[in-house]
Amino acid sequence: MAFPINRNLALKKQTDLERWSNADALEEAWDLRAEMAAELIPAGARVLDLGCGRMALRKFLPPECSYQACDLVARDADTIVCDFNAGAFPIVPAGAADLITLLGVLEYVTDLDGFMAHLRESQCDIVASYCPQDYSAGADRAALGWLNHLTLQELAELFARF
């Protein structure tokens, strides 16, 4: 039996379209996370950036990488637009991407098992960030808009399942 992911389904919410449509809600401080993630990406990788936000990752990628943005709203003319909480997920044709990034995204996904199943189908490597509940005791996760509250152990179990 799988450990339940969402501890309080009554608090489950949908994507906050108003918040993520506002470019001012995308914090410049998050660029540091993108810079750190880029260090894990090999030169020449074809990168699909899910929840791309300010698309900061693009400027930090190693040489010869290709970049495809994906978000709730178009961040440029080439952005793939989809709402993960509505069950949408970009179709990743074989060979179209080597690596998928999820930087500050998983906290906002309501159906983590469904989302992870899509990731597994892509057969791409993943570079992700997540702020586990046991490392964010002082944070008001709900006020931050985070829709799930995994501990590090639960996060490890989620990735192990997929």
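The values are calculated or read from the model by the stated rules, or taken from the named source; none is laboratory data. Note that the coordinates shown come from a computational prediction; the quantities given were computed from them, not determined experimentally. Note: ideal-geometry Cβ built from the backbone for every residue, glycine included; neighbour counts use all protein chains shown. Heavy atoms of the whole protein, side chains included, go into the accessibility calculation; ligands, DNA and RNA do not. Shrake-Rupley method; radii C 1.70, N 1.55, O 1.52, S 1.80 Å.
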Exercise for review: For residues that are touching a residue at least 60 places away in the same chain (Cβ under 8 Å) and either of a type in the set (Ser, Thr, Tyr) or not in a loop (DSSP other than H, G, I, E, B) (or both), scanning just region 123-146, find the one that is surrounded by the fewest Cβ atoms within 10 Å (Cβ to Cβ).
Suggested key: Ser129
Revision key, fill the gap. Residue hits (region 20-59; open to solvent by 20 Å² or more (accessible area, probe 1.4 Å), in a loop (DSSP other than H, G, I, E, B) and more than 22 Å from Asp83 (Cβ to Cβ)) are Glu39, Leu40, Pro42, Ala43, Gly44
Point to revise | Residues satisfying the stated conditions in region 60-105, i.e. within 15 Å of the chain's Cα centre (by Cα), of a type in the set (A, V, I, L, M, F, W, C) and assigned to a loop (DSSP other than H, G, I, E, B) | key: Leu72, Val73, Cys82, Ala88, Phe89, Leu103, Val105
Study note, to complete from the structure: Of Asp78, Asp111, the only residue that is open to solvent by 70 Å² or more (accessible area, probe 1.4 Å), farther than 23 Å from Met36 by Cβ, of a type outside the set (S, T, N, Q) and touching a Gly at 6+ places or on another chain (Cβ under 8 Å) is Asp111
